[in-house]
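One structure is given below, encoded as structure tokens.
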Amino acid sequence: MKGKKWIAMMMTTAMALGLFAGCGSSGNTESAGGTQSQENTQEEAGEEVSEEATDEAAEDTADNAGGSKITICTWNEQNPNDDLNMYLQCKNATGIDLEVTVIPESDYSSKLNQMVATKDDSIDVYILWESDIANFAEVDGIVPLDDYLAGSSIDTGDFIPAVAALSEGMGGTYGLPWCAATEILFYNQDMFDAAGIDYPTNDWSYADFLAAAEKLTVKDGDATSVYGCSLPNVQTWWAGIGGAGDQVYDPSTGEMVIGSGAEEFIGDCADMVSKGIMPEPSSDTADLFASGKAAMAWAGSWNIATYGDGLGFNWDIATLPTNKVKYNTLHTGFYTINANSKDPENAWKVIEYLMSQEGQTINSKASGNMSALKTIADEGAWKVESATTIENWEAMTDSLSAGIFGYTCLPSGVTGNAISNFNSAVMGQMTPAEAVQSSSDYAAETIGY
Amino acid sequence: MSNEKKKKRLSPRKKKDTLTAYAFISPWIIGFACFTLFPIFFMLQVSLTNRKLNGISKFIGFKNYMNMFKSPAFWNSIKVTLLFTIIMVIVTTVWAVIMALLLNQKQRLNGIFQFCYFLPSVIPSVALAYAFRTIFGKEAGLLNAFLSLVSGKNVSVNWLYNHSTVYMAVFFITLFTYNTGQMMLIFRSGLSDVPGELYEACDLDGAGAFRKFFSVTLPMISPLVLFNAVNGCVSALNGSFALLYPLTGESGNPDGMTQVLSLLIYKEAFSNMKVGYACALSVLLFLLAALFGTALFSLSKKFVYYEN
């Protein structure tokens with residue numbers, strides 16, 4: 001019996017100790033998680049060798065910076081090419097041991113919100129999305145950058161107007177945009193040639209687009225073998241709605257504003273779906289444009305770098321042929337400093353490098369996204385070299401000038417719910433008016449929380 | 001002498017034994033208190049606030065509950081959850097019984113069949129759902145390609161987006177989940193314990209296969225049916241998220257038809273950042289699970305046969 005008692009006591013003690021150890025937290029433990037994540041990322045990108053090669057160079061400069069370590073989190077994997085890896089180059093240039101923690105895009109916003117709620121200090125530099133930056137500033141989760149900017153060479157007057165407007169709305173500069181991505185029209189030149197249609201231009205009208213989509217559709221009996229245009233995706237639904245005249249997002253109230261424009265655009269898409277010009281929404285994950293099953297697609301400019309020279313057909317880009325007004329949504333993320341960072345000075349040095357001419361140029365070359373600093377964007381580093389068939393690079397600059405921060409400032413649950421309704425309307429399961437009403441009701445219920 | 005006094009006069013040895021017993025179960029009690037009881041009470045507390053994911057929080061009383069009962073999304077979700085739970089439990093239990101009956105037949109290679117039937121069940125639900133999402137695709141789906149090949153016509157059914165096919169597809173997929181596989185194994189072990197002489201008596205009376213099943217097999221395994229039904233209910237209420245999120249998205253496409261309560265909770269907490277509201281929804285889910293459990297145990301008094 002004594003033996004049993006001892007065993008029981010030992011088990012209880014071990015359990016209690018385990019609980020205390022498990023529930024306790026420290027910055028070091030969390031940082032270790034971040035390191036692991038970075039290691040995994042680098043391993044996946046096959047960077048072990050390059051990392052070793054540059055570590056020696058970084059160590060020399062790290063000594064000068066006092067061996068400080070800064071952690072940045074992002075949703076993108078690091079570029080496998082050392083020359084295009086802006087974080088690695090930042091490490092080399094500043095001597096700061098920069099760790100990159102990659103959080104999958106689907107969980108990115110919620111994970112960061114949880115970090116702020118728990119005053120986590122394992123990340124020094126957050127790249128925040130448009131929908132989060134104001135909330136983070138509101139709870140003092142990030143620090144204002146105005147004092148840092150006062151002594152910096154970064155010219156805030158050089159930012160594209162949309163970025164300046166967003167900062168004004170928050171009463172200060174809390175973040176600096178890592179890039180400026182837009183939405184554009186991708187088209188298959190070979191299919192246009194085969195159909196005998198002139199290539200789209202940046203002043204193409206909505207009517208031109210609808211007519212071309214119909215002509216480009218190839219039918220095989222009742223079924224469609226090539227669609228004129230793919231269905232708008234989660235980003236470009238909003239470009240179509242904004243282009244049809246709706247405000248989409250009201251920055252003064254933070255509300256979603258859709259109405260007759262949305263009804264009109266949904267109605268047009270439903271019409272094209274019923275005629276087989278556009279595919280129905282489905283669980284397919286394939287990119288119909290890239291697989292040669294759609295002649296045109298409305299999509300994000302970052303796809304240029306993804307497609308490169310790997311599509312197997314000639315393709316080019318144009319601005320989105322929206323209906324009544326030129327509209328597309330700007331996409332970016334903002335470099336911000338965690339208010340709980342133990343080393344905000346070096347965190348700022350990292351941001352300063354990433355916003356510098358060199359940092360922004362590397363970023364543009366790697367991602368195909370423009371810099372939000374106009375003078376750097378004008379140099380054209382964002383023209384992806386592997387996209388050899390693109391001639392209409394002006395489509396990017398034109399799109400950027402028409403771009404605004406729209407749906408990306410809304411909670412993703414609200415926009416996701418709306419798109420689900422739009423898809424139902426396109427399938428004929430509800431009318432466009434019902435879809436708009438249902439989406440607006442849900443948005444009002446959610447945003448007012 | 002009262003019982004209380006008797007208890008007070010426990011011998012030192014008995015006392016030691018009692019303390020030892022408590023010490024043995026204390027790891028579980030500590031775990032239960034920390035990881036089950038505390039979260040439940042914390043959830044109840046947060047449901048009375050307007051807590052957001054970034055930590056902002058203010059006490060708002062029962063406002064979340066009032067808003068919830070006014071929300072069309074909530075009522076749609078309750079309707080879908082009830083439908084999904086009831087049908088999923090029936091479909092998976094019936095399928096598991098059928099499979100167990102087949103495997104209970106004395107034939108060669110039974111072990112291999114059992115392994116093959118159980119194999120999909122050990123695949124994580126998320127991976128299973130992604131695989132079926134590809135199979136049920138409209139443009140590039142394997143099922144449509146197979147049907148086109150067999151029929152010689154172009155078949156392009158939008159399985160997961162059509163009102164008329166989405167439930168069929170989803171319930172079909174539930175047949176391959178871990179829960180169904182586990183049920184099958186439990187039924188199989190139960191079937192092997194049914195006394196053979198009962199079937200012999202049936203044979204003498206000239207009973208057919210159906211009569212044997214409904215008069216002997218089903219009553220004898222009815223405690224297992226109850227156990228599996230309760231487990232299935234809890235699994236359908238809580239575990240359906242892992243299956244439906246990758247399959248039909250957080251909005252429960254099409255048109256909210258698959259938006260069970262667990263999906264809505266996730267959407268409100270992590271996409272809309274409304275943690276307080278999501279906790280209020282979770283309280284409802286908790287009550288719903290309790291309601292299903294109570295209902296099943298009440299029914300069991302009428303339908304479950306206990307030999308002893």
> Looking only at residues in the range A:424-449 that are more than 7 Å from every other protein chain (Cβ to nearest Cβ) and surrounded by 21 or more Cβ atoms within 10 Å (Cβ to Cβ), which one is nearest to A:ALA162 (Cα to Cα)?
Replying inline: A:ALA443
>> Of everything in the range A:374-388, what is in contact with a strand residue (DSSP E or B) (Cβ under 6 Å, 6 or more places away or on another chain) and touching a residue at least 24 places away in the same chain (Cβ under 8 Å)? Give them in sequence order.
In response: A:ALA377
>> Return the residues of the range B:26-65 that are of a type in the set (Val, Ile, Thr) and within 29 Å of the chain's Cα centre (by Cα); say none if nothing qualifies.
In response: B:ILE29, B:ILE30, B:THR36, B:ILE40, B:VAL46
>> Of all residues being part of a strand (DSSP E or B) and within 15 Å of A:ALA239 (Cα to Cα) in the range A:289-308, which is farthest from the other protein chains (Cβ to nearest Cβ)? Just the residue, please.
In response: A:GLY300
> Which of (1) over 22 Å from the mean Cα position of the chain (by Cα); (2) part of a helix (DSSP H, G or I) does A:VAL350 not meet, given it meets every other one?
Replying inline: (1)
> For the range A:404-418, what are the residues that are of a type outside the set (Gly, Ala, Ser), within 12 Å of A:ILE258 (Cβ to Cβ) and more than 8 Å from every other protein chain (Cβ to nearest Cβ)?
Replying inline: A:TYR407, A:LEU410, A:THR415
> Restricting to the range B:108-167, what's the tally of residues that are more than 9 Å from chain A (Cβ to nearest Cβ), surrounded by 12 or more Cβ atoms within 10 Å (Cβ to Cβ), among the small types (Gly, Ala, Ser) and not in a helix (DSSP H, G or I)?
Replying inline: 0
>> Just to verify a result, which residue in the range A:111-139, among those that are in a strand (DSSP E or B) and of a type in the set (Val, Ile, Thr), is nearest to A:CYS179 (Cα to Cα)?
In response: A:ILE127
> Being within 14 Å of another protein chain (Cβ to nearest Cβ) and buried (at least 17 other Cβ atoms within 10 Å of the Cβ), is that true of even one residue in the range B:187-207?
Replying inline: no
>> Looking only at the range B:39-70, filter to residues that are part of a helix (DSSP H, G or I) and within 11 Å of chain A (Cβ to nearest Cβ); which one of those is farthest from A:ALA443 (Cα to Cα)?
In response: B:LYS63
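We did not get these values from a lab; they are worked out from the coordinates using the rules stated. None of the values given here were measured: they were computed from a predicted structure. Methodologically, a virtual Cβ is constructed for each residue, glycine included, from the backbone with ideal geometry; neighbour enumeration extends over all protein chains shown.
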